[in-house]
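Just so you know, all these numbers are worked out from the coordinates, no wet-lab data involved. Not measured: the values here are computed from a predicted model. Methodologically, a virtual Cβ is constructed for each residue, glycine included, from the backbone with ideal geometry; neighbour enumeration extends over all protein chains shown.
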Amino acid sequence: MQNHILSIILFTPLVGAILLLFVPKENKEAIRWIANIFALGGFLISLPLVPAFWVVRAEPGFKFVEGVANNWIPSIGAGYVLGIDGISFLLIMLTTLLGWISILSSWTAIENRVKEYYVWFLVLQTGMLGVFMALDFFLFFVFWEAMLVPMYLLIGIWGGPRKLYAAIKFFLYTLAGSVLMLLGILFLYFHHHSLTGVYTFGLQALYETAPKIYSDPAYGPTIATLLFLSFFFAFAIKVPMFPFHTWLPDAHVEAPTAGSVILAGVLLKMGTYGFIRFSLPFFPDVLHHGSTRFWIMVLSVIAIIYGALVSLMQKDMKKLVAYSSVSHLGFCTLGIFALSPLGLSGSVLQQINHGISTGALFLIVGILYERRHTREISEYGGISNVMPVYATITMIMFLSSMGLPLLNGFVGEFTILGGTFLQKDIAGHPGWVWTAWAVPGVVLAAAYLLWLYQRVFFGTVTNPKNEKLHDLTPREVATFVPLLIMAFWIGLYPKPFFQILDQPTRDLAAVVNRETPKSESTAEAATEMPAAPAAMTAVPSAGVSSKNLPAATRPSAHTPAASTAPAKGKN
Amino acid sequence: MVWTDYLLALPITLLVLFALGILLIDFMLPRDMKWANAVTAFIGVCFSAAGVYKIQAWMGKDSPAVGGMLNTMVVDPFSIYFFYLFLAGTAIAILMSVRYLETENENHGEYYALMLLSVAGMMCMASGFDIVLIFIGLELMAISTYVLVGFLRRDKRSNEAALKYLLLGAFSSGIFAYGLSLIYGLTGSTNLAVIRQQMMHRAFDPQYRPVAIIALATTLTGLLFKVAAIPFHQWAPDAYEGAPTSITGFMSVAVKAAGWAMLLRILLIGLAPMRSVWVPMLVFVSIATMTGANFAALTQTNTKRLLAYSSIAHVGYMLLGLIAGTVTEPNADGIKGILIYLLVYTFMNLGAFAVITSLRHRNVAGDDLDDLNGLYSRAPVEAVLMLVFMLSLAGIPPLAGFWGKYFIFLSLISTGHYVLAALGVLYSVFGLYYYLKIANAMFMREAEKGEEKLPVSLAMRAALALTGLATLYIGILPNRFIEIVNWALGIAQQASVAKVIH
C-alpha cells in the first residue's frame, strides 16, 4: 500500500496558496486567517509523521517512499518519488514548524499587498518541503530552483531600502551554483546509462553508480573531483560557506522578518542537506583522496572564526545575526566533513538548533524593528526595563544560540566537536587539531551575543523614544513558545533526536568510509558495487522494493543517439 | 503534377487563397468592421492546420516522408512539426493584433494577408528539399515581413526599421543565393539529397575544396543572418524595436523558426558531409552570440530591444545543440533540444510580446522598461503571466523554457563538450539578470501614471491564456511534447529521407 502522507504534507501549503487566490485582496483579515490556518494546518498535518516515523526509525533506507521511478516524465527517466529518512524527517518538521511561526509573526508586520505575500510564502513552503522529500534528482532540482522565485519576490517586494539589489543578488548567486549542479546531475545521468543502459534520475539508482566514477579509468579522479565541485558550489553557496557567503548579509538585512526566519531557518539547511544527501554518498573517494576535504575543513573553520569576528563588530542587529549564521553553519559543515556518525548526527542536530535559535533571533530583532523601525544597536539600551518578558525570552534564545549547557545549542556543538575530535585522521591531520581551531568560535559567539545583549537590554533607557515601547502581545509570545519548548527539549533530553538520527548517519558514514581498493578493474567494480551501498539503497517494505525493481530494469523510452543506433530511433 | 502534389501543397494553397480573399474582402468592409479581416485570417490558419492534419492522417505511421512536386518538397514529420509551429505562432499573433491595429489606426487587410503569405513562404522553407524552393520560400517570407515591419506608416521608427531590415535582408539574401549557386556548380543539382551525395566526394577533393568552403561560408552567412546570430544580428534589435509589437512577436517566433527549419535542413542534409568544417565555425558564432547578446541586453531600456537581444542569446544556446555530436554525426538530443526550444519559445516569447502589446494604448507606447513599472497593481494577471514568461525564458524549472535548455545541455554533456556546457549555463544565469529587471519593474516599482486598470481586449486575453497555459503545461508535463519531438525527428535519420526521394 502506498502511503501518501508526504504528498499531503507537501501540498497542503500550495492548496492554501491556490485558495487564497480566490479571496478578494481587500479582505485582509480573511487572507490572514486563511494563511494562518493553512500554515498551522501544514504543521499539524506533519505531526502524525512523528509517531509513524518513530516506529520505523531503526529500519535502514528511506521510509514512506511513494511514487515509482520514472513515472513523471518517462521519456527522460524522471520520477515523482518522495521518501524520507531520519535526517530529512527532522528537517521537514523544522520546516513546517518555522513556516507556521513565520506566517504567524507576519500578522502585523505586513500591511501592503497582503494577499500576494501569503501566496508566495505558502508556495515557498511547498518548495522547501519538496527539496527535503525528493528522492529523484530531477524532482529535487525542480524544487530547488522553483523555490528561489518566491523567496526572490519576498525579499524584493517586502524588503528594506536596498531590496532590489539584495533580491537579485540572492537569485543570481544561488542560480549560478545550481546550474553547475545541473551539469553535474546530467553527467551522473549519462554515467548511469553507460553502466546500466537505463536512463534515470532516481536517487537510489544513482547512489550505486556515481561512486564508481572515481575508479573508472575512462573518467578518473580529476573528473570525479570536478563533479564533486559542481555540486559543492551549489551547496556551498546555499549554506553559505566562506567565501561564498556575501549574498547572505544583504538578503537577511533586506528581507522582511519572516523571510529572514525562513531564510536562516530552512533555506540555508538545504545546502548542508545537499552535502549529506548527495555529495557524501556520491563521491566518497574524492573526500578520502586528494586535498578537497582538507580545503573544505579549512573553509569551515574560517567560516566559524570569520563569521564570529565579523558579528562582533556589527552595528546593525540583523546583520549581526546574519553573520552569526555563517559561523554556526561553519560548525555544521565541519561536522559533516568529519565523516563520522557522531559528527553527522551533531551536524544535523545543530542545523535544527540553528533553525530554532536563529529563527528566534530574527523574530526578536523583527519585534524591535516593528516598534521602532530601526535596527541600529546604538539606538537602544535598557530595553529590559520596558519590555521584561521580551528581555527574558531574548536571554534564553541568546544563551541557546551561544551553546550554553541545558539548552539546545550546546548539545549540537558539543556533538560536532566531539565527533570531529574523535576522528583520528581528517585530511591528514588528527581530529583534535580541527576541533582546536573551531573552539574559539564558541567563545566568540558568547562574546558577540552577550555584548549585544548588554548594549540593548541592560542599563537605563537612554533613548527617550524607547520609553513607551509595549511588551510582547499574546500573538508574539505564541510565536516563541514552540521555539522555547524545542530549545529546552533538545537541551535537556536530546536522546530521541539522536535515536532518530542514529540509523541514517551510521549508514551514511558506512557508505562514505567504505574502503575501496584503488586498483580494481571496472568489471569487478560492476559486480561488487551494488552490494556495498545497500544500506543507502535498500527500501524498507517489500511492497515498495518490488515496485521499484521493474522500473530499474525497464528499458528506457529515451531515444538513442543517432550515432549509435540510427535504425532504432525511427518509428 | 499528381494527386499527392496537390495534397502536400494543400496547407500552402489554403493560406494563399485566404490571403487573396482577405485582400478582396477588405475593399468591401466598412471602417468599423475591419476586425472581420482578423477573423478571416484566423479561420484561414485553422483551415491550413486542418490541411496539415489531413496530410498527417494520410501519411499514417508507416511512411515517415513523402516527396512531392518533382521532389522539390518533402513532407515528413519534421515539416509537419514546423507547419503546426508556424500556424500556432501566427494564430496567437493574429489574436494579439486585433486591438493593437485599432489603437495604431492602421487597421488594413494587407496586414493579415501579408502574414498568411509569409507563413506560406515559411512552409516552403520547412518542407523544401530543393534549394530553389527553399530560396523562393525564404524570399516570400522575407518580403512579406519587410512590409509588415514598416506597417506603421506614420511612425518614423517603423519606417527606419523596415528600411534597415530590407537593405540588410536583401544583402544577406544575395550572399545566400551566391552560396547556393556555388553549391549547384559543385554538385550539379539543387536537390539536397543529391547535393549530400556529391558533397561527400567533392568537399574533400583538393581540387574542389576551396570552392566548397567558400560555398559553405556564404551559405552559412545567409542562414545565420536569418536566425540573427552574432555577427549577423545587427538588423534584429532595430527591426524588433521599430516593428509593430505584434509583428515583433511574430518575427521572433515564426520567422525565426522558419529560419531554423531551413538551417537544419541545409546543414543536416545537404551540407552534412562538411560537418567537420561548419562545426568550428558554429562554435565561434555560438560563443560570440551568447557573449555579445547577453552583454548587450544588460543595458537596454526598451523592452522590445531587450527581448530582441534575449532572442539573439537564445539562438546562441540553440546553436550549441547543433554543435553537440561527433565530427561526422550530430547528436539526436541536441537537435531534439532545438526543436523543443523552438516550440517552447513560440509560446513564452509570444506571451511576453502579448503583454507588451497590451500595454500600448492611447498615448503610451508601452515598450519602454519604465512602462512596466507597477504593472502588478494595474493588471495583476498580466504581470504574473509576464513573470512566468520571463522566468521561463531564463530557464527556471518547472517552466517550459527549462526544457529547451535542458536538452541542449544534455546533448553537450553526453558528447563531452563540458566547457561549452559550463559556458552556456553560466550565460543563462547572466540572462536571468535582465529578465529580472523586467520582473523588478512590474512587481517592485510603483506605477508612475497612477493606478488605472489596464484595458485588455478579449482576443488578447485568449492569446495570453493560451501562451501562459502552454508555458506552464509544457513545463510541468513535458512528456507528451518530448514524444512529439521524437516523432518529428525524422530528420535525424537522413538516410530514410534520402531514400524516399529516389
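With bins 10 Å wide starting at 0, give me the P(r) of chain A over every alpha carbon pair, in whole percents.
Spelled out bin by bin, chain A gives 4, 18, 29, 27, 15, 6, 2, 0, 0 percent.
Mind checking the angle between helix A:542-553 and chain A's longest principal axis? C-alpha axes, 0 to 90 degrees, to the nearest 10.
60
Before rounding to the nearest 500, sum -39500 (n - 2.57) across all DSSP H runs of length at least 4 in the protein assembly as shown and divide by the residue total; then give [θ] at 222 nm in deg cm²/dmol. Can you show the working numbers first?
Values: 48 runs with 759 residues, N = 1073.
The per-residue figure over the protein assembly as shown is -23500 deg cm²/dmol.
Please give me the summed charge of the neighbours of residue A:53: other residues whose Cβ is under 14 Å from its Cβ, Lys and Arg +1, Asp and Glu -1. Walk me through the intermediate numbers first.
Details: positive: A:57, A:63; negative: A:59, A:85, A:502.
Neighbourhood net charge equals -1.
Over the whole of A:175-184, what's the average partner chain Cβ count within 10 Å per residue? Rounded to a whole number, please. Don't jump to the answer; show the numbers that get you there.
Numbers: counts 10, 6, 1, 3, 12, 5, 1, 11, 9, 1.
Going residue by residue through A:175-184 and averaging, the value is 6.
Using r as the Cβ-Cβ distance of residue B:31 and residue A:71, and R0 as 56 Å, what FRET efficiency do you calculate, to the nearest 0.05?
So, using R0 = 56 Å, E works out to roughly 0.45.
State, as an integer percentage, the relative contact order of the range A:236-395 based on alpha-carbon contacts under 8 Å between residues 6 or more apart.
Numbers: 180 pairs, mean separation 42.9, N = 160.
So the answer I get is 27 percent.
Could the peptides B:295-305, A:297-307, A:96-106, B:247-257 be put in order, highest first, of the mean number of other beta-carbon atoms found within 10 Å of their residues? Walk me through the numbers on the way to the answer.
Values: B:295-305: 18.3, A:297-307: 22.7, A:96-106: 25.7, B:247-257: 28.0.
Sorting B:295-305, A:297-307, A:96-106, B:247-257 by mean packing, highest first, produces B:247-257, A:96-106, A:297-307, B:295-305.
Which value in Å is the Kirkwood Rh of the protein assembly as shown over different Cα pairs? Kindly include the intermediate steps, with their values, before the conclusion.
Values: mean 1/r = 0.0325 Å⁻¹.
One decimal place: 30.8 Å for the Kirkwood radius.
Could you sort the peptides B:460-467, A:107-114, B:344-351 by per-residue average Cβ neighbour count (10 Å cutoff), highest mean leading?
Peptide ranking by packing, descending: B:344-351, B:460-467, A:107-114.
Average partner chain C-beta neighbours within 10 Å, per residue of A:141-151?
Working: counts 4, 7, 2, 1, 7, 7, 0, 3, 6, 0, 0.
Rounded to a whole number, the mean comes out at 3.
What shape does the range B:148-243 take by its C-alpha gyration tensor, where a ≥ b ≥ c are the square roots of the eigenvalues and a/c under 1.5 counts as rounded, a/b above b/c as prolate, and the rest as oblate?
Values: a/c = 3.88, a/b = 3.06, b/c = 1.27.
Verdict is prolate for the range B:148-243.
If I take R0 = 35 Å and measure r between the Cβ atoms of residue A:502 and residue B:419 in this structure, what FRET efficiency does the formula 1/(1 + (r/R0)^6) give, to the nearest 0.05? Can you show the working numbers first?
On the way: r = 44 Å, r/R0 = 1.26.
So the FRET efficiency works out to roughly 0.20.
Let me make sure I get this right: for the range B:129-190, a, b and c are the square roots of the gyration tensor eigenvalues over alpha carbons, sorted descending. Under 1.5 in a/c it's rounded, otherwise prolate if a/b > b/c, else oblate. Which is it? Mind dumping the intermediate values first?
Working: a/c = 7.63, a/b = 2.65, b/c = 2.88.
It comes out oblate by the Cα gyration axes.
State, to one decimal in nm, how far the label point of residue A:18 lies from the label point of residue A:52, with both points 7 Å from Cα in the Cβ direction.
2.0
Could you work out the relative contact order of chain A, using alpha carbon pairs under 8 angstrom and six or more residues apart, expressed as a whole percent? Before the final figure, lay out each step's value.
Working: 971 pairs, mean separation 100.1, N = 571.
The value is 18 percent.
Rounded, prolate or oblate: which fits the range A:428-520, taking a ≥ b ≥ c as square roots of the Cα gyration tensor eigenvalues, rounded meaning a/c under 1.5, else prolate when a/b beats b/c?
Values: a/c = 4.20, a/b = 1.98, b/c = 2.13.
Oblate shape, in that a/c is at least 1.5 and b/c is the bigger or equal ratio.
Report the residues of the range B:97-114 in range of a label on residue B:458: point 7 Å along Cα→C-beta, backbone N strictly under 16 Å from it.
Residues passing the 16 Å test: B:97-100.
Return the distance in nm (one decimal) between the two label points of a simple spin-label model at residue B:328 and residue A:29, each offset 7 Å from Cα along Cα→Cβ.
Result: 7.8 nm between the two label points.
Points 7 angstrom from Cα along the Cβ direction at residue A:298 and residue B:469: gap in nanometres?
In this crude spin-label approximation the distance works out to 5.8 nm.
Is there a simple number for the mean count of other chain Cβ atoms within 10 Å of the Cβ of residues in A:165-173, and what is it? Spell out each step's value before the answer.
Working: counts 0, 0, 5, 6, 0, 0, 7, 5, 1.
Mean number of neighbouring Cβ atoms from other chains: 3.
Sort A:169, A:63, A:115 so the one with the fewest other Cβ atoms within 10 Å of its own Cβ comes first. Walk me through the numbers on the way to the answer.
Details: A:169 18, A:63 25, A:115 21.
Taking fewest neighbouring Cβ atoms as first place, the list is A:169, A:115, A:63.
Sorted by packing (mean other beta-carbon atoms within 10 Å per residue), highest first, where do A:179-188, B:193-202, B:285-294 land? Intermediate values should be presented prior to the final figure.
On the way: A:179-188: 23.8, B:193-202: 18.9, B:285-294: 22.1.
Sorting A:179-188, B:193-202, B:285-294 by mean packing, highest first, produces A:179-188, B:285-294, B:193-202.
Within the P(r) computed for the range B:25-66, what percentage of the Cα pairs occupies the region above 13 Å? Don't jump to the answer; show the numbers that get you there.
Details: 547 of 861 pairs.
For the range B:25-66, the fraction of Cα-Cα distances above 13 Å is 64 percent.
Could you work out Rg/(2.2 N^0.38 Å) for the range B:37-114, with Rg from alpha carbons only? Mind dumping the intermediate values first?
Values: Rg = 15.8 Å, N = 78, 2.2 N^0.38 = 11.5 Å.
The reported ratio for this selection is 1.37.
Quick one: which of B:256/B:453; B:164/B:336; A:115/A:163; A:169/B:336 span more than 28 angstrom between C-alpha atoms? The partial results should precede the final answer.
On the way: B:256/B:453 34 Å; B:164/B:336 34 Å; A:115/A:163 19 Å; A:169/B:336 33 Å.
Flagged as over cut-off: B:256/B:453; B:164/B:336; A:169/B:336.
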